[in-house]
Amino acid sequence: MKVPFPVAAEALRSPRRLVTSTGFQNLWIISTIEFVNFSQFCEIEFRLESQSQNSLPCFAWQASRTGNRTFVSSPFRLSLSQRLRRRYGMAKVAFIGMGVMGYPMAGHLMVKGGHEVTVYNRTAAKAEQWVKQYGGKSAATPAAAAEGADFVFTCVGNDDDLRSVTVGKDGVLSGMKAGAILIDNTTASAEVARELHAAAKEKGCGFIDAPVSGGQAGAENGVLTVMCGGDEATFEKAKPVIDAYARMVGLMGDVGAGQLTKMINQICIAGVVQGLAEGIHFGKQAGLDIEKVVDVISKGAAGSWQMENRHKTMNAGKYDFGFAVDWMRKDLDIVLTEARRNGAKLPVTALVDQFYGDVQQMGGNRWDTSSLLARLDKK
């Protein structure tokens with residue numbers, strides 16, 4: 001995986017020349033280098049120098065050995081001048097929230113995006129763990145993390161958590177500089193998105209609501225779908241940074257449109273999962289081989305991502321493979337609240353929400369959303 005300055009150093013034990021990914025040769029020279037834990041991978045510490053810049057300290061790069069060449073990759077930490085960040089598309093980034101989604105997303109911003117990342121988490125140990133794994137820095141408060149950042153990301157639990165880390169005491173907006181952009185990846189209400197847009201505007205900052213879909217696996221693999229709301233100019237600035245953890249990033253409309261699109265996403269998932277659960281339950285009751293059934297019907301109009309990726313685990317009664325029931329109920333509450341406001345009729349969604357409530361009563365709060373089948377299979 002390439003980083004902003006992936007380096008190939010000739011002659012592993014006494015490197016002299018570096019070649020950057022941009023093709024420039026002899027741009028940097030090594031002034032000092034130390035190999036640590038030399039094996040298949042080796043931790044190295046060195047300083048880079050150029051004729052036009054001061055020495056630039058680099059720590060905890062990991063180098064893999066192939067023949068007599070060393071290819072440097074993640075995890076890494078670079079301290080670069082603003083001039084270099086502008087030239088190579090790097091940015092100072094803060095990421096607030098090291099949950100199952102935010103932790104790997106921040107990692108992709110560091111590794112794939114090559115940005116200078118500072119993280120904050122309510123439980124400091126999780127932020128420290130992230131720094132140990134990826135490099136970067138951690139901060140004691142959201143405001144401290146956001147200080148001097150070009151882009152500030154938030155990915156927390158709900159509307160109240162979001163208000164706390166943005167406009168609350170020591171929230172990011174108290175530390176953000178004018179011209180910075182706040183990007184919220186939390187699945188939250190369109191109302192709080194509009195609140196944060198107004199608060200950011202007062203500070204001279206941009207705002208994008210950018211909830212994601214793809215679950216924990218999508219976050220870990222950097223292939224999330226990101227639904228954005230905001231003005232086009234702000235979106236165009238933010239998109240290249242968001243791309244580090246996404247395979248699809250789309251502007252849905254004005255502020256709040258990203259959250260409204262995520263609500264539609266959850267409406268569709270709720271209905272599909274309930275239908276799949278009923279189909280598998282029906283097949284089992286009829287004595288059919290579920291694998292054979294799915295192998296056939298998945299090739300037709302009944303096919304879906306849920307069928308392809310969840311039917312095996314559902315049939316085996318295993319429900320620890322993704323988005324938790326508690327989180328889905330939180331999301332569906334947001335959906336149903338918005339539906340009451342705008343007059344939308346969502347009878348199936350409301351019913352499935354009640355079914356998830358039944359799963360919670362069975363002790364399935366942390367089971368994944370496919371556990372609707374457990375409710376049907378309950379004796």
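The values are calculated or read from the model by the stated rules, or taken from the named source; none is laboratory data. Remember, predicted model here, so these are calculated numbers, not experimental data. FYI the Cβ positions are ideal-geometry reconstructions off the backbone, even for glycines, and counts take in every protein chain you see. Each accessible area value is taken on the protein alone, full model and side chains, heavy atoms only, with ligands, DNA and RNA left out. Shrake-Rupley method; radii C 1.70, N 1.55, O 1.52, S 1.80 Å.
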Counting DSSP beta bridges with both ends in segment 154-307, the antiparallel % (nearest 5): 20 percent
Most to least accessible of 130, 367 (protein chains only, probe 1.4 Å): 367, 130
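Roughly to the nearest percent, how much of the accessible area of segment 192-351 is carbon and sulfur, given a 1.4 Å probe? Can you show the working numbers first?
Numbers: 4480 of 7950 Å².
Answer for segment 192-351 is 56 percent, counting heavy atoms of protein chains only.
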Probe 1.4 Å, accessible area per residue of segment 235-379, Å²: 53 Å²
Dipole magnitude of segment 271-379 about its Cα centre (Cβ charges: Lys, Arg +1; Asp, Glu -1), debye to nearest 20: 140 debye
Relative contact order of segment 99-166, defined on C-alpha pairs under 8 angstrom at six or more residues apart (%): 30 percent
Solvent exposure ordering (accessible area, 1.4 Å, most first) of 310, 247: 247, 310
Pairwise centroid distance, computed over Cα atoms, of segment 208-227 with segment 243-303, Å: 16 Å
Whole-Å distance, taken between Cα centres, linking segment 171-186 and segment 304-365: 31 Å
When each of 137/203; 312/379; 284/330; 239/345 is checked by Cα-Cα distance, pairs over 28 Å: 284/330; 239/345
Long-range HN-HN contacts of residue 153 with modeled amide H, under 5 Å: 94, 95, 96, 183
